[in-house]
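Read the structure below first, then the notes.
The values are calculated or read from the model by the stated rules, or taken from the named source; none is laboratory data. Worth saying up front: this structure is predicted, and the values here are computed from it rather than measured. Methodologically, a virtual Cβ is constructed for each residue, glycine included, from the backbone with ideal geometry; neighbour enumeration extends over all protein chains shown.
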Amino acid sequence: MSDIPEEKIERIKEKMKEDNIKFIRLQFVDINGTVKNIVIPFNGEDMSELFNEGMLFDGSSIAGFVGVNDSDLVLKPDIDTYSRLSWRPEESATCRFICDIWTADRKPFIGDPRGVLKKSLAHIANMGLQYNIGPEPEFFIVDIDENGYPMPYDNAGYFDVEPLDKGPDFRRELTLNLEDLDFEVEASHHEVAPGQNEIAFKFKDALKTADAVITFKQAIKAIVDNMATFDQLDYRVTFMPKPFFGVSGSGMHCHQSVFKGDKNLFSDPDSENGLSKDALYFMGGLLKHAPAIT
């Protein structure tokens, strides 16, 4: 583990004091992409040990990580992932750092999904390449009927407006909260199915995008839950691919590109379809590996 400069740690500590942070979430995902965290109090004390040495935790309690005989793993916060959680109380604010997972002898843990992605990105970076991805996550906002069953919270369709679309207030509040989390929201709208919505955000490099998708899903669920509690309604959010029979399911289109410097390697304006051979081989690779990916 390389040491983080002390001045950088001091800057983030001052930022946390400005944001009135009282609690720190050390966040990671398991092999299924489920968000996990450990919460520690923040009293303004020295944080060099946390950022440089990390925090031990019991990896045997996380499904698919390690056995009980080799249970010690280390959460090492990525200092560049600091974010105040806008849906938590301001008077005792909470922030989060996304963590990399290391073994007790300070080596990257092979079961850490974020670590696997970082290893792959380092490999293509050595080839002078950058992989960008821009997702369009779709989700349903659902209400609970009198029998306790979920149902779409409106009957609107693609690009509908009020009063058929009951989601503008939701999407406005979600967009404002996502912008507080440093998302660059490009567009939001009602999707094809009743109760279905989409909020698209700007593409970035693959690591930042993967972190953003996890934050996006967690934030939207928490924000809608808070709004429903405030309005005394029983709204929930689901990213399930097919929660309702007979209507469009949810997907997540992913716009992808590989750049070498300022050049988009997927573009060839002289080809019949505007795509380069690199792009065609890339698509062939996705099709070949689709069973493993899914």
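Summary table below
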{"item": "Residue list for the stretch 247-277, restricted to those being farther than 30 Å from ASP154 by Cα and in contact with a strand residue (DSSP E or B) (Cβ under 7 Å, 6 or more places away or on another chain)", "result": "GLN256, SER257, VAL258, PHE259, ASN264, LEU265, PHE266, ASP268, GLY274, SER276"}
{"item": "Any hit, the stretch 114-131, residues being farther than 29 Å from GLU10 by Cβ, buried (at least 17 other Cβ atoms within 10 Å of the Cβ) and either at pLDDT 90 or above or out of contact with any strand residue (DSSP E or B) (no Cβ under 7 Å at 6 or more places or on another chain) (or both)", "result": "yes"}
{"item": "Boolean, VAL258 is farther than 23 Å from ARG84 by Cβ and among the aliphatic types (A, V, I, L, M)", "result": "yes"}
{"item": "Of all residues in the stretch 96-134 being touching an Asp or Glu at 6+ places or on another chain (Cβ under 7 Å) and of a type in the set (A, V, I, L, M, F, W, C), the one that is nearest to VAL39 (Cα to Cα)", "result": "PHE97"}
{"item": "Residue among LEU73, LEU117 that alone is touching a Phe, Trp or Tyr at 6+ places or on another chain (Cβ under 7 Å) and not in a loop (DSSP other than H, G, I, E, B)", "result": "LEU73"}
{"item": "Unique match (being within 30 Å of ALA156 (Cα to Cα), in contact (Cβ under 8 Å) with a residue 40 or more places away in the chain and touching a Ser or Thr at 6+ places or on another chain (Cβ under 7 Å)) among PHE239, PHE244", "result": "PHE239"}
{"item": "Residue match in the stretch 63-74 (condition: modelled with pLDDT of 90 or more, β-branched (Val, Ile, Thr), closer than 16 Å to GLY115 by Cα and touching a Pro at 6+ places or on another chain (Cβ under 7 Å))", "result": "no"}
{"item": "Lone qualifier among GLU138, GLU173, GLU162, GLU186 - being without any contact (Cβ under 8 Å) to a residue 12 or more places away in the chain and not assigned by TED's automatic domain parsing to the domain that holds ASP70", "result": "GLU162"}
{"item": "Residue check, TYR153 on the phi < 0 side of the Ramachandran plot and in contact with a Lys or Arg (Cβ under 7 Å, 6 or more places away or on another chain)", "result": "yes"}
